[in-house]
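A.B. asks: Okay, handing you the structure first.
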Amino acid sequence: MMKTNELTGAALDWAVAKIEGVDVNVDNLYDPPTPHGAVLRLGNDDGDEEYLYQPSTDWAQGGPIIERESMALHMEAPREWHALQWWDDTDGAGYISMKGSTPLIAAMRCYVASKLGYEIEIPEEIK
């Protein structure tokens, strides 16, 4: 088990992929790892292209999640980002807040915590 507030790199990207239903193959991690340890997703909609799935470092992938989930981001000194996600449903109102060294890391940790909890099981290959 890993604490959600400690997830980074491939582990964080894998957790987001799990929530988003993105088919990632942990056997195809880049070796040597990319600077952020990204998880390789096999195939696009046509099934004929490889590309990296890294919402914790790529705004084109993480940004739509932040917008869809109505997250708020702000920086607190010294260079520590906070992501907040509010909700109001039949069980009541509440929020989740997570920190990170970048806005995307904070936001993706927040997203994972809101969907999977504060501790999750990560495959050994990407720990």
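A.B. asks: Which numbered condition in (1) touching a residue at least 60 places away in the same chain (Cβ under 8 Å); (2) in a strand (DSSP E or B); (3) among the acidic types (Asp, Glu) is the only one that Glu125 fails?
C.D. replies: Condition not satisfied by Glu125: (2).
A.B. asks: Can you tell me which residues in segment 57-102 are hydroxyl-bearing (Ser, Thr, Tyr) and closer than 20 Å to Ile19 by Cβ? Even if it seems obvious, please write down each step before you answer.
C.D. replies: Of all residues in segment 57-102, those hydroxyl-bearing (Ser, Thr, Tyr) come to 57, 70, 90, 95, 97, 101-102.
Within segment 57-102, Thr57, Ser70, Tyr95, Ser97, Thr102 qualify.
A.B. asks: What strands (runs of 3 or more DSSP E) completely inside segment 55-114 contain at least 2 residues that are touching a Pro at 6+ places or on another chain (Cβ under 6 Å), over 15 Å from Leu12 (Cα atoms) and modelled with pLDDT of 95 or more?
C.D. replies: Where strands (runs of 3 or more DSSP E) fall fully within segment 55-114, none carries at least 2 residues being touching a Pro at 6+ places or on another chain (Cβ under 6 Å), over 15 Å from Leu12 (Cα atoms) and modelled with pLDDT of 95 or more.
A.B. asks: Then there is this: Please specify each residue of segment 97-127 satisfying the condition of being open to solvent by less than 40 Å² (accessible area, probe 1.4 Å), under 17 Å from Val26 (Cβ atoms) and more than 11 Å from the chain's Cα centre (by Cα).
C.D. replies: Ile120, Ile122, Pro123, Ile126
The values are calculated or read from the model by the stated rules, or taken from the named source; none is laboratory data. It should be emphasised that the depicted structure is a prediction, and the values quoted were computed from it without experimental measurement. For neighbour counting, all protein chains shown are included, and Cβ atoms are generated from backbone atoms with ideal geometry for every residue, glycine included. Calculation scope for accessible area: heavy atoms of the full protein, side chains included, ligands and nucleic acids excluded. Shrake-Rupley method; radii C 1.70, N 1.55, O 1.52, S 1.80 Å.
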